[in-house]
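**Q** Supplied in structure tokens, the structure appears directly below.
The values are calculated or read from the model by the stated rules, or taken from the named source; none is laboratory data. Model, not experiment: these values are computed from the prediction. When we count neighbours, we look across all protein chains shown, and the Cβ atoms used for this are built from the backbone with ideal geometry, even at glycine. Calculation scope for accessible area: heavy atoms of the full protein, side chains included, ligands and nucleic acids excluded. Shrake-Rupley method; radii C 1.70, N 1.55, O 1.52, S 1.80 Å.
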Amino acid sequence: MKVNRKMVLMSLVMALVLTMLAGCSGSGAGKEDNQLVIGIDDKFAPMGFRDENNEIVGFDIDYAKAAAEKMGMEATFQPIDWSAKESELNSGRIDLIWNGYTITEERKGKVLFTKPYLKNSQVVVTLADSEITQLSDLAGKTVGLQALSSAADALDAAPIKSEIKTISEFPDNVLALTDLKTKRLDAVVIDEVVARYYMAKEEGTFKLLDESLAPEEYGIGVKKGNEELLNKLQKALDELNQDGTASEISKKWFGEDKVLK
């Protein structure tokens, strides 16, 4: 029987390619099944940020790890451009938006939300020696905030906005507060939980106005259409509330139990 060497070689090559594809498919599927990729802003203390060792830490980080464990999954944290968070989610590059993500009607049109897990509000921070004491004092001043954040939404809805001289947008809150300390800004609109963290860390540097701009609640964003993941996550969060884990994590980061039940 005459053997066609060309055909034999082609068969061997095809078999090798199929074997490699099967191997890649097997390892990839296992990783995807167990990995929960969470999009975060890694400069959003105390919710999610980098410590002095460049490790990602925070309330939301511990909370997410505990929830992932309940789900039989492993949490992986992916720092993202916060202004593109919904695009990152909808593209499939991340599974969840989880880092002080405020629930709004506009965002409900873009993502699925868990039940609220933490109350917050948008507040105004100034330097401790500033003459600004109330919202009306922002007239003619320069105000900073994080771009495409709920701080921007809150200021948009505030009557004082039309009287502010300049509104400067920053990629993150740390840069905004840095410009406040160097007096390039007169005030910063920011999440209360973040403001209080930095006020405690840099005692005597900042002060908080008594008036807040808007109360709000944090939730976790899931891609539209993925109710299965949403329900699995919510079940894990409910269990963390029931067994006291959520309370312990809150006390670690806030000194009290602030988690909504």
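**Q** Which of the residues spanning the stretch 107-129 are over 30 Å from Leu240 (Cβ atoms) and open to solvent by 30 Å² or more (accessible area, probe 1.4 Å)? Walk me through it before giving the result.
**A** Initial filter on the stretch 107-129 (over 30 Å from Leu240 (Cβ atoms)): 124-129.
Passing the criteria: Ala128, Asp129.
**Q** Condition first: open to solvent by 50 Å² or more (accessible area, probe 1.4 Å) and farther than 30 Å from Lys108 by Cα. Can you find one or more residues in the stretch 187-197 that meet it?
**A** No, every residue in the stretch 187-197 fails to be open to solvent by 50 Å² or more (accessible area, probe 1.4 Å) and farther than 30 Å from Lys108 by Cα.
**Q** May I pose another question? Taking the condition of being outside any strand (DSSP E or B), touching a helix residue (DSSP H, G or I) at 6+ places or on another chain (Cβ under 8 Å) and under 22 Å from Arg50 (Cα atoms), how many residues in the stretch 82-105 meet it? It would help to see each step written out before you state the result.
**A** Filtering the stretch 82-105 down to residues outside any strand (DSSP E or B) leaves 82-95, 103-105.
Right, trim to touching a helix residue (DSSP H, G or I) at 6+ places or on another chain (Cβ under 8 Å) and you get 86, 94-95, 104.
From what is left, the residues that are under 22 Å from Arg50 (Cα atoms) are 94-95.
Final tally of qualifying residues: 2.
**Q** Would you say Ala154 is open to solvent by less than 20 Å² (accessible area, probe 1.4 Å) and either under 23 Å from Asp238 (Cα atoms) or touching a Pro at 6+ places or on another chain (Cβ under 6 Å) (or both)? Spell out the reasoning first.
**A** Working: open to solvent by less than 20 Å² (accessible area, probe 1.4 Å): yes; either under 23 Å from Asp238 (Cα atoms) or touching a Pro at 6+ places or on another chain (Cβ under 6 Å) (or both): no.
When the stated conditions are applied, Ala154 does not pass them.
**Q** Just one of the numbered conditions (1) modelled with pLDDT of 95 or more; (2) surrounded by 13 or more Cβ atoms within 10 Å (Cβ to Cβ) is not true of Gly244; which one?
**A** (2)
**Q** Looking at Lys141, is it open to solvent by 10 Å² or more (accessible area, probe 1.4 Å), of a type in the set (Lys, Arg) and free of Cβ contacts under 8 Å to residues at least 40 places away in the same chain?
**A** Numbers: open to solvent by 10 Å² or more (accessible area, probe 1.4 Å): yes; of a type in the set (Lys, Arg): yes; free of Cβ contacts under 8 Å to residues at least 40 places away in the same chain: no.
Here the answer is no, as Lys141 does not meet what is asked.
**Q** Here is a check on your reading of the model: is Ile160 within 22 Å of Ile40 (Cα to Cα), open to solvent by less than 50 Å² (accessible area, probe 1.4 Å) and either in contact with a strand residue (DSSP E or B) (Cβ under 9 Å, 6 or more places away or on another chain) or not in a loop (DSSP other than H, G, I, E, B) (or both)? Before the answer, list the steps.
**A** On the way: within 22 Å of Ile40 (Cα to Cα): no; open to solvent by less than 50 Å² (accessible area, probe 1.4 Å): yes; either in contact with a strand residue (DSSP E or B) (Cβ under 9 Å, 6 or more places away or on another chain) or not in a loop (DSSP other than H, G, I, E, B) (or both): yes.
For Ile160, the condition - within 22 Å of Ile40 (Cα to Cα), open to solvent by less than 50 Å² (accessible area, probe 1.4 Å) and either in contact with a strand residue (DSSP E or B) (Cβ under 9 Å, 6 or more places away or on another chain) or not in a loop (DSSP other than H, G, I, E, B) (or both) - is not met.
**Q** Can you confirm whether Glu203 is open to solvent by 10 Å² or more (accessible area, probe 1.4 Å) and within 26 Å of Lys108 (Cβ to Cβ)?
**A** Numbers: open to solvent by 10 Å² or more (accessible area, probe 1.4 Å): yes; within 26 Å of Lys108 (Cβ to Cβ): no.
Considered against the rule, which asks whether it is open to solvent by 10 Å² or more (accessible area, probe 1.4 Å) and within 26 Å of Lys108 (Cβ to Cβ), Glu203 comes out as no.
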